[in-house]
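The block underneath contains the structure these notes are about, expressed in structure tokens.
The values are calculated or read from the model by the stated rules, or taken from the named source; none is laboratory data. Keep in mind the model is a prediction, meaning the values are calculated, not measured. Methodologically, a virtual Cβ is constructed for each residue, glycine included, from the backbone with ideal geometry; neighbour enumeration extends over all protein chains shown. Keep in mind that these areas ignore ligands, DNA and RNA; they rest on the heavy atoms of the full protein, side chains included. Shrake-Rupley method; radii C 1.70, N 1.55, O 1.52, S 1.80 Å.
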Amino acid sequence: MSAVQTEELVEVHEVVDVAASKKARLISGSVLVVVGLLCLLGFGLGSHAGYEARFQLSQPGARIRVPALVLPARITSIVLGVIVVLLGLWRITRGGSRRAMHWVVGASIVAVVVSFLCWSLTGTRGTSLDLLGLLQQTIFLAVPLILGALAGVLCERSGVINVAIEGQMLAGAFAGALIGTVAHNAGAGILAALIAGGLIGALLAVFAIRYLVNQVVLGVVINVLVLGLTGYVYDALMARDQNTYNTPPGLHAISIPGLSDIPILGPLLFQQNAIVYAMYVLIIAIDLALFRSRWGLRTRAVGEHPKAADTVGIKVRRTRFVNVIVGGLVAGLGGASLTIGSALPFGKGMTNGKGFIALAAVIFGRWSPRGAVGAALLFGFADALQNVLSFIGTPVAIPSQFLAMLPYLATILAVAGLVGRVRAPAADGEPYVGR
Amino acid sequence: MKLELRGITKRFGSLVANDRIDLVVEPGEIHALLGENGAGKSTLMNVLYGLYEPDEGEVVLDDVPVRFAGPGDAMAAGIGMVHQHFMLIPVFTVAENVMLGHEETKGGALGWLDRRAARRKVAEVSSRYGLAVPPDALVADLPVGVQQRAEIVKALTRDAKVLVLDEPTAVLTPSEIDDLMKVMRRLRDAGTSIVFISHKLKEVKAIADKVTVIRRGKVVGQPSPTASEEELASLMVGRQVALTLEKAPANPGDVILDVRDLRVVDDAGVVQVDGVSFQVRAGEIYAIAGVQGNGQTELTECLLGVEAASEGSVHIGGRDVSQASVRDRLRLGVGYVPEDRLHDGLVGGFTVAENLILDMYDRTPFAKGVGLDLRAIAGNAAERIDEFDVRTPSGGALASTLSGGNQQKVVLAREMSRPLKLLVVAQPTRGLDVGSMEFVHRRIVAERDNGTAVVVVSTELDEVLGLADRIAVMYRGRIIGELPAGASAQEVGLLMAGSTSQASAAAGARGSGSGDE
């Protein structure tokens with residue numbers, strides 16, 4: 001037996017980018033063709049010929065002014081529609097790999113959105129869209145989603161499913177508003193929000209990790225608990241005397257010298273409040289640390305194969321505890337962005353499903369911090385778009401109820417349709433019985 | 001390093017898994033720990049590795065008693081362990097797996113990983129002991145043999161002086177086993193003490209310097225490695241066992257199973273079975289050998305109809321059943337013993353009696369109108385338990401509480417209690433002890449002698465050689481060779497590694513043709 005050459009067995013299995021099956025190509029290609037045709041016929045031919053779509057790209061009073069982008073609405077929509085149809089045809093005939101399909105889908109979404117915007121601006125001649133404002137609002141609306149999603153990534157990478165993001169954010173929003181108002185101090189409010197989110201995280205950790213409660217059920221129960229508790233205190237205290245208990249101080253926008261003058265990016269990213277800057281730091285820190293630090297390696301190990309981690313001396317349950325509680329702190333900060341960060345009073349159930357959208361962003365972003373941020377931005381954009389559209393008189397009036405559905409529709413489409421087969425951390429949701 | 005276990009006792013409730021076990025492993029010695037499944041070998045090693053705390057006794061390293069609160073302590077003391085189920089994280093690279101738990105970092109408190117140092121360490125250890133591993137490959141993409149090497153590298157980078165290998169050969173091909181043995185000898189010569197846990201007599205004889213046999217939690221002897229296999233087996237089992245299977249020559253009848261150009265493509269678009277054709281006659285055992293994952297699972301599932309073929313046909317008893325449902329095939333007289341008995345062969349939460357009628361619950365005598373005839377079911381259970389010597393407190397015990405051998409007997413009892421035309425058995429003795437193995441083999445041969453066509457799929461070379469009337473070898477979805485009964489282990493082993501030219505050369509050297517169909 002020893003005569004056998006074993007070199008060939010050492011070879012690493014080739015990882016091939018699997019080509020999609022004929023059927024899958026036909027379906028996805030046809031969908032693109034149909035969408036492209038709708039774009040072409042609906043938005044292209046449906047808009048008034050000769051109207052222009054104006055997109056404003058700078059604020060009044062900006063140091064460097066960027067001229068507005070002016071597109072011939074009809075032609076732009078038609079061209080973009082044709083591009084989407086061609087992409088669909090390419091998909092049907094040539095196929096392409098899974099990776100190529102990601103780009104195709106991304107490009108098609110952008111094309112459809114732009115052609116939709118062009119069409120929406122042709123209701124009355126001379127309407128212009130404040131594109132910069134739209135993007136600013138996107139960021140504003142995405143902040144709680146991003147922070148919530150980061151909290152989800154922290155928990156789930158260590159193997160604990162976090163359905164309680166909603167509750168953690170709500171607790172943060174509540175504590176931030178109450179303590180911030182009473183103390184007349186935004187910093188105190190933020191601190192309180194962090195603590196509240198962290199406490200809810202600790203609650204999740206104790207029951208999920210110590211007492212092995214089913215994590216999905218536990219998350220739902222915690223959400224209901226926080227909704228009830230905050231609602232009760234709101235009714236009993238805050239609603240009666242808004243001035244004393246529910247007028248949180250806001251945060252000033254801080255312009256970063258130099259950076260804030262960059263056209264488009266400056267006003268978009270560098271004229272923000274402290275919570276948003278903290279968010280930038282968190283995004284970068286978590287993304288780097290998860291893949292390049294000892295903490296990150298151990299966190300991922302514990303989430304993938306806790307037994308293996310245990311056998312090399314990593315304390316599985318302690319690692320998970322730390323991650324879940326830190327996740328709670330981050331979600332609490334997300335909650336604070338709703339009240340203190342926006343200088344808005346607390347309202348009953350004011351998170352309104354944002355925690356669940358953040359959870360969807362975690363999945364859509366494939367459990368990676370940067371992916372989750374991208375997904376949260378997409379959902380934030382859908383939300384901002386429905387706000388803006390309700391002001392613009394579109395050529396055909398869209399009922400406001402449909403517009404209000406947009407963010408949730410985008411979430412469902414993203415998670416059900418675009419994500420495809422994603423792989424959660426292998427031990428996500430599995431309690432570890434051991435140390 | 002000298003390892004001593006003194007009077008280790010570990011109880012789980014009323015069960016005594018280890019009963020005052022003494023063991024001494026000298027530096028630079030390969031010490032085989034021989035025992036059946038459930039004899040307490042793994043428990044003992046988990047005590048040594050700090051995963052369990054012993055109720056009595058102590059672990060002594062170089063004459064100093066030590067206490068381990070966890071695997072971290074054991075590793076720090078120089079004990080390394082390669083678990084039977086690898087403790088590697090599939091989505092990590094080899095280097096990441098190796099450094100996990102004792103990462104080298106730069107940047108102080110921030111703890112940024114120093115990947116270059118990790119890679120260097122892997123390269124250093126793998127070149128020193130001849131353990132070729134690609135440091136930047138994802139573990140999931142590596143063959144099991146290489147994964148195992150990564151596990152050994154992992155232990156060695158932690159300066160393991162005592163290396164415990166728990167059933168290391170269970171997942172390897174014959175040539176990978178040879179490689180592993182070379183590595184073990186090299187490590188021994190470099191002064192590492194090795195504890196080799198196994199229930200495979202041939203391997204223990206081939207590699208061990210000393211042998212300790214454990215039975216039911218107790219040390220029952222320290223035979224010399226030169227003792228015969230029969231001696232070792234009887235010590236291990238506690239009674240005389242026949243290692244060679246007595247069977248009369250086959251008396252093949254009509255063709256029962258006729259498979260033509262079968263092709264199975266899985267969900268991911270990978271061709272698992274690639275144009276397989278063969279025939280099996282009544283009264284013969286057709287054994288399919290091959291390393292795990294070469295399409296055998298898909299082939300057997302396709303014979304039963306659990307998996308759909310994308311091309312080709314399956315005829316049973318002259319009837320084309322390619323489109324027939326699983327139930328139709330069972331009614332035709334197909335018996336099926338799946339490779340994963342606990343997952344696919346039994347319902348763990350059902351009783352033994354219920355498991356024994358899973359495929360006949362809707363027929364007389366077990367069905368009574370829309371209800372079940374519980375008395376008939378209990379009567380059937382009593383009979384089967386007696387006939388197949390299933391060790392269970394009663395027919396009412398849950399299947400999941402039985403030992404592996406007894407679970408397998410339940411599956412066999414169910415499948416063989418119907419009149420069969422074709423019996424498909426996948427991995428008949430995986431994880432079974434020697435005693436149960438012998439029983440299962442005898443029942444399979446008895447079924448053949450009844451005139452049933454039998455297909456046995458096994459990754460165990462000895463099992464294939466012992467049972468088969470004809471041997472086929474599957475490699476990458478194809479049957480790359482058929483050999484007559486009496487083919488040598490070397491020929492089959494070469495085919496299992498996909499080497500057809502060398503196999504025919506070996507057959508030629510032996511002076512007999514191969515694949516005489």
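Looking at segment A:38-64, I want the residues that are charged (D, E, K, R) and have a partner that is modelled with pLDDT of 80 or more and part of a helix (DSSP H, G or I) with Cβ atoms under 8 Å, at least 6 apart or on another chain. Which pairs are those?
Hits for this filter: A:52/A:73; A:63/A:261.
Taking the conditions exactly as written (more than 18 Å from residue B:286 (Cβ to Cβ) and part of a helix (DSSP H, G or I)), does residue B:493 satisfy them or not?
Spelling it out, residue B:493 is indeed more than 18 Å from residue B:286 (Cβ to Cβ) and part of a helix (DSSP H, G or I).
What are the pairs with Cβ atoms under 6 angstrom where one residue, in segment B:1-29, is over 18 Å from residue B:221 (Cα atoms) and the other, located anywhere, is of a type in the set (Lys, Arg)? Sequence gap at least six, or different chains.
B:1/B:161; B:27/B:2; B:28/B:188
For residue B:127, which of the numbered conditions (1) among the small types (Gly, Ala, Ser); (2) out of contact with any Pro (no Cβ under 7 Å at 6 or more places or on another chain); (3) within 12 Å of chain A (Cβ to nearest Cβ) fails to hold?
(3)
Answer yes or no as to whether residue A:12 is modelled with pLDDT under 50, surrounded by 18 or more Cβ atoms within 10 Å (Cβ to Cβ) and closer than 30 Å to residue B:498 by Cβ. Reasoning before the result, please.
Details: modelled with pLDDT under 50: yes; surrounded by 18 or more Cβ atoms within 10 Å (Cβ to Cβ): no; closer than 30 Å to residue B:498 by Cβ: yes.
For residue A:12, the condition - modelled with pLDDT under 50, surrounded by 18 or more Cβ atoms within 10 Å (Cβ to Cβ) and closer than 30 Å to residue B:498 by Cβ - is not met.
Of these, B:39, B:69, which one is at pLDDT below 90 and over 28 Å from the mean Cα position of the chain (by Cα)?
On inspection, the qualifying residue turns out to be B:69.
Test residue B:271 against the criterion of being within 14 Å of another protein chain (Cβ to nearest Cβ) and either among the hydrophobic types (A, V, I, L, M, F, W, C) or buried (at least 20 other Cβ atoms within 10 Å of the Cβ) (or both), and give yes or no.
yes
I need a count of the residues in segment A:267-291 that are over 15 Å from residue A:147 (Cα atoms) and touching a Leu at 6+ places or on another chain (Cβ under 6 Å).
Let us first name the residues in segment A:267-291 that are over 15 Å from residue A:147 (Cα atoms), namely A:267-272, A:288-291.
After this cut, where a residue has to be touching a Leu at 6+ places or on another chain (Cβ under 6 Å) as well, the list is A:268, A:270.
Of the residues in segment A:267-291, 2 are over 15 Å from residue A:147 (Cα atoms) and touching a Leu at 6+ places or on another chain (Cβ under 6 Å).
Among the candidates A:407, A:369, A:425, which residue alone is in contact with a Lys or Arg (Cβ under 7 Å, 6 or more places away or on another chain), of a type outside the set (Lys, Arg) and open to solvent by less than 20 Å² (accessible area, probe 1.4 Å)? Explain how you work it out, then say what you get.
Numbers: A:407 fails: in contact with a Lys or Arg (Cβ under 7 Å, 6 or more places away or on another chain); A:369 fails: in contact with a Lys or Arg (Cβ under 7 Å, 6 or more places away or on another chain).
Going through A:407, A:369, A:425 in turn, the sole match is A:425.
Can you name the helices (runs of 4 or more DSSP H) wholly within segment A:296-415 that have at least 1 residues being more than 30 Å from residue A:46 (Cα to Cα)?
A:306-311, A:316-339, A:354-364, A:369-389
So, in segment B:463-489, exactly how many residues are surrounded by fewer than 19 Cβ atoms within 10 Å (Cβ to Cβ) and within 13 Å of another protein chain (Cβ to nearest Cβ)?
Of the residues in segment B:463-489, 3 are surrounded by fewer than 19 Cβ atoms within 10 Å (Cβ to Cβ) and within 13 Å of another protein chain (Cβ to nearest Cβ).
Out of segment B:178-207, which residues are more than 18 Å from residue B:153 (Cβ to Cβ), open to solvent by 10 Å² or more (accessible area, probe 1.4 Å) and modelled with pLDDT of 85 or more?
If the condition is that a residue be more than 18 Å from residue B:153 (Cβ to Cβ), open to solvent by 10 Å² or more (accessible area, probe 1.4 Å) and modelled with pLDDT of 85 or more, then B:178, B:201, B:202, B:203, B:205, B:206 are the ones that fit.
Among the residues of segment B:222-229, is any exposed (fewer than 13 other Cβ atoms within 10 Å of the Cβ) and within 24 Å of the chain's Cα centre (by Cα)?
The first filter runs over segment B:222-229 and keeps only residues exposed (fewer than 13 other Cβ atoms within 10 Å of the Cβ), leaving B:224, B:226, B:228.
So of that shortlist, the ones also within 24 Å of the chain's Cα centre (by Cα) come out as B:228.
Yes, segment B:222-229 has at least one match.
Residue A:348 versus (1) surrounded by 23 or more Cβ atoms within 10 Å (Cβ to Cβ); (2) within 30 Å of residue A:137 (Cα to Cα): which is the lone unmet condition?
Here residue A:348 meets the rest and fails (1).
Restricting to segment B:62-74, what's the tally of residues that are among the acidic types (Asp, Glu) and more than 10 Å from every other protein chain (Cβ to nearest Cβ)? I'd like the intermediate steps shown before the answer.
Residues of segment B:62-74 that are among the acidic types (Asp, Glu), as a first pass: B:62-63, B:73.
Narrowing further to those that are more than 10 Å from every other protein chain (Cβ to nearest Cβ): B:62-63.
Counting residues in segment B:62-74 that are among the acidic types (Asp, Glu) and more than 10 Å from every other protein chain (Cβ to nearest Cβ) gives 2.
Residues are listed down the side, and each one gets a yes or a no for (1) touching a residue at least 12 places away in the same chain (Cβ under 8 Å); (2) hydrophobic (A, V, I, L, M, F, W, C); (3) in contact with a Phe, Trp or Tyr (Cβ under 6 Å, 6 or more places away or on another chain); (4) crowded, with 24+ Cβ neighbours inside 10 Å:
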| position | (1), (2), (3), (4) |
| --- | --- |
| A:130 | yes, no, no, no |
| A:135 | yes, yes, no, no |
| A:162 | yes, no, no, yes |
| A:169 | yes, yes, no, yes |
| A:174 | yes, yes, yes, yes |
| A:181 | yes, no, yes, yes |
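Got a sec? Which of B:23, B:5, B:44 is assigned to a helix (DSSP H, G or I), more than 14 Å from chain A (Cβ to nearest Cβ) and either among the small types (Gly, Ala, Ser) or open to solvent by less than 10 Å² (accessible area, probe 1.4 Å) (or both)?
None of the other options fit; the residue is B:44.
Pick out the one residue from B:140, B:118, B:155 that is within 12 Å of chain A (Cβ to nearest Cβ) and farther than 18 Å from residue B:75 by Cβ. Full working, then the answer.
On the way: B:118 fails: farther than 18 Å from residue B:75 by Cβ; B:155 fails: farther than 18 Å from residue B:75 by Cβ.
It is B:140.
Working only within segment A:282-307, note down all residues that are open to solvent by 40 Å² or more (accessible area, probe 1.4 Å) and within 14 Å of chain B (Cβ to nearest Cβ).
Hits for segment A:282-307 are A:284, A:285, A:288, A:291, A:292, A:294, A:295, A:298, A:305, A:307.
Determine which single condition residue A:358 fails, assuming it passes every other condition in (1) more than 14 Å from chain B (Cβ to nearest Cβ); (2) closer than 27 Å to residue A:330 by Cα; (3) at pLDDT below 90.
For residue A:358, the exception is condition (3).
On the given criteria, is residue B:111 open to solvent by less than 40 Å² (accessible area, probe 1.4 Å) and at pLDDT below 90?
yes
Among (1) in a loop (DSSP other than H, G, I, E, B); (2) within 30 Å of residue A:55 (Cβ to Cβ), where does residue A:161 come up short?
Every listed condition holds for residue A:161 apart from (2).
Given the conditions (1) within 14 Å of chain B (Cβ to nearest Cβ); (2) out of contact with any Lys or Arg (no Cβ under 6 Å at 6 or more places or on another chain); (3) open to solvent by 20 Å² or more (accessible area, probe 1.4 Å), which single one is not true for residue A:315?
With respect to (1) within 14 Å of chain B (Cβ to nearest Cβ); (2) out of contact with any Lys or Arg (no Cβ under 6 Å at 6 or more places or on another chain); (3) open to solvent by 20 Å² or more (accessible area, probe 1.4 Å), residue A:315 is out only on (2).
Give me the residue from segment B:75-104 that is part of a strand (DSSP E or B), among the hydrophobic types (A, V, I, L, M, F, W, C) and closer than 20 Å to residue B:170 by Cβ and, out of that set, nearest to the other protein chains (Cβ to nearest Cβ).
Among them, the one singled out is B:81.
I'd like the residue in segment B:298-316 that is at pLDDT 90 or above and of a type in the set (S, T, N, Q) and, out of all such residues, is least open to solvent (accessible area, probe 1.4 Å).
In this case the residue turns out to be B:300.
Give all pairs with beta carbons closer than 7 Å in which a residue from segment B:409-429 that is among the hydroxyl-bearing types (Ser, Thr, Tyr) meets a residue that is open to solvent by less than 10 Å² (accessible area, probe 1.4 Å); count only pairs at least 6 apart in sequence or on separate chains.
Hits for this filter: B:429/B:440.
Does segment B:317-332 include one or more residues that are over 30 Å from residue B:361 (Cα atoms) and open to solvent by less than 50 Å² (accessible area, probe 1.4 Å)? Show your work before the answer.
First, pick out the residues of segment B:317-332 that are over 30 Å from residue B:361 (Cα atoms): none.
Looking through segment B:317-332, none of the residues is over 30 Å from residue B:361 (Cα atoms) and open to solvent by less than 50 Å² (accessible area, probe 1.4 Å).
Restricting attention to segment B:143-152, which residues are farther than 18 Å from residue B:190 by Cα, away from every other protein chain (no Cβ under 11 Å) and aliphatic (A, V, I, L, M)?
B:150
So residue A:366 ticks every box in (1) on the phi > 0 side of the Ramachandran plot; (2) touching a residue at least 60 places away in the same chain (Cβ under 8 Å) but one. Which box is left unticked?
For residue A:366, the failing item is (2).
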